[in-house]
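Following: one structure in structure tokens, then a few remarks.
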Amino acid sequence: MTDNMAIEGRKTLTTRNMVVIAMMSAIATVIYYLDFPVPLMPGFIKLDLSNVISLLAGFSMGPAAGITVCLIKNLIQLALKGFGTTFGIGNIFDFVTSAAFACTAGLIYMKNKTKKGALIGCIAGTAVFTLISLPLNYFIVYPIYFKAFGGEAAILGMYKEILPSVKNTFSALCIFNLPFTFVKGVLCSAVTMLVYKPLSPVIKGRSK
């Protein structure tokens, strides 16, 4: 009887986690659509805080849950808008960077489930999130954008309108995109640190 109850408990937990992940993915998708332009950045670069949801999932249910939220969020958007002329590279980029963010933070927090562990996880996750964005943008994302939107000069021109001294794509990414990604990571981490403790019992289905 005890073994059967334990097995049933694991099944219930798994089922509940699947439902929670689905709900959090839906919330992340909505937030993903509620992006907004950022001052002193090219118009095609926008800020969203959907990574807060994947971080919450990673902290509460483990890094795999955070990655799953990132995946579902981007699959839903691809299903709604299609691959377009860029072959969905924006969504692929978002999935890889966001999943790395949530996975890094979630793994560290899983080893040390304290406020300090959460903070270290967020710091490390932000660092990974920021650093991997540069090579991904430079070697993969922007070359596809160049082919889709009229060449490198057209994209670079958007940066030059803000800062005429920008000389090439790499410098544009370092001056604009890298700090933007870092700030985005810091904002998502800060919001997560503020809301995780009060929301944790709700996500996990436990009373305080």
| said: touching a strand residue (DSSP E or B) at 6+ places or on another chain (Cβ under 8 Å) and at pLDDT 95 or above: is that true of Lys184 in this structure? | reply: yes
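If I ask for residues that are open to solvent by 50 Å² or more (accessible area, probe 1.4 Å), farther than 12 Å from Phe93 by Cβ and part of a helix (DSSP H, G or I), which ones from region 133-173 would you list?
The initial filter retains those residues of region 133-173 that are open to solvent by 50 Å² or more (accessible area, probe 1.4 Å), namely 135, 138-140, 147, 149-150, 152-153, 158, 160-165, 167-168, 170.
Going one step further and asking which of them are farther than 12 Å from Phe93 by Cβ, we end up with 147, 149-150, 152-153, 158, 160-165, 167-168, 170.
Across region 133-173, the qualifying residues are Lys147, Glu152, Ala153, Met158, Lys160, Glu161, Ile162, Phe170.
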| message | With the requirement that a residue be in contact (Cβ under 8 Å) with a residue 40 or more places away in the chain and open to solvent by 70 Å² or more (accessible area, probe 1.4 Å), what does region 116-132 give you? | response | Leu119, Ile123
| Qualifying residues in region 69-112 (those that are basic (Lys, Arg) and modelled with pLDDT of 95 or more) - the one surrounded by the fewest Cβ atoms within 10 Å (Cβ to Cβ) | Lys111
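Every residue, every condition in (1) of a type in the set (D, E, K, R); (2) surrounded by fewer than 22 Cβ atoms within 10 Å (Cβ to Cβ), yes or no:
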residue	(1), (2)
Asp35	yes, yes
Phe44	no, yes
Gly58	no, no
Ile67	no, yes
| request: Report yes if Ala127 is at pLDDT below 95 and small (Gly, Ala, Ser), otherwise no. | output: no
| field | The listed residue being in contact with a Gly (Cβ under 7 Å, 6 or more places away or on another chain) and within 26 Å of Lys204 (Cα to Cα), out of Ile53, Ile108 | value | Ile108
| Residue check: is Lys73 of a type in the set (Lys, Arg), free of Cβ contacts under 8 Å to residues at least 60 places away in the same chain and part of a loop (DSSP other than H, G, I, E, B)? | no
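The values are calculated or read from the model by the stated rules, or taken from the named source; none is laboratory data. In this text, all values refer to a predicted model and were calculated from it rather than measured experimentally. Quick reminder, even Gly has a Cβ in these numbers, built from the backbone with ideal geometry, and neighbours come from all protein chains shown. Protein only, heavy atoms only, side chains kept; ligands, DNA and RNA dropped before computing areas. Shrake-Rupley method; radii C 1.70, N 1.55, O 1.52, S 1.80 Å.
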